Amino acid sequence: ENLWIILKILEPCDFSRGRFSDITPGTVHASLKGSVIFAEIQQSSDITYRIYDFDRIDKDGKKRELHLDNAADVIDFGKKVEIKNTNFKNGETEKNIIKNKFYSIDKIKILNSYEDSCSESMIIYTVLDGNGKIFWNENEFLELKKGENILIPVDLKVQLEGNFEILRTTIEE
């Protein structure tokens, strides 16, 4: 009976390009290969409760263990997943996607050049589309392309150049 209740809340979602959902603790979620990009901003945890595992096999040749009772205890059955459209409109180049007490995520479209630094947190860039370069300390740089992530230490001034879209994540205190 628990399995039926859990699977019933897994409703299909429209995750077309530019859609974003903040998956908070207690939210049932899954991904199919190639279906979405995950930007996991999370506190370290050794706990994952599997309610379905797509018949995956572990290194001993057995199906991986499911945790139906444990999962049922921590699922927030009343939570509705909010899906935000993060596509830019009317010449926008920067959009705050989420800001909570733990982290903030902005989507930024780099058109030629963008300068950045943060004195309160490291910055994590995730390249969503396109490619470019990131410069620091005058002559040092890295090439950036879709799917790559880079961590910028606190107080390091950087300049991003190119034509690409990024997620900019900072940690809130």
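The values are calculated or read from the model by the stated rules, or taken from the named source; none is laboratory data. In this text the structure is predicted, and so the values were computed from the model without any measurement. Every residue, glycine among them, receives a Cβ derived from its backbone with ideal geometry; neighbour counts consider all protein chains shown. Side chains are part of the model used for accessible areas, which takes the heavy atoms of the whole protein and leaves out ligands, DNA and RNA. Shrake-Rupley method; radii C 1.70, N 1.55, O 1.52, S 1.80 Å.
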Please compute the Kirkwood hydrodynamic radius of the chain from all pairs of different C-alpha atoms, in Å with one decimal. 18.6 Å
Averaged per residue, what accessible surface does the chain expose to a 1.4 Å probe, in Å²? 71 Å²
Cut-off 12 Å between beta-carbons: net charge of the residues surrounding residue 142, Lys and Arg +1, Asp and Glu -1: -2
GluC sites (Glu not before Pro) within segment 69-102, DSSP loop, no more than 14 other Cβ atoms inside 10 Å: 82, 92
Dividing the alpha-carbon Rg of segment 67-155 by 2.2 N^0.38 Å yields what? 1.46
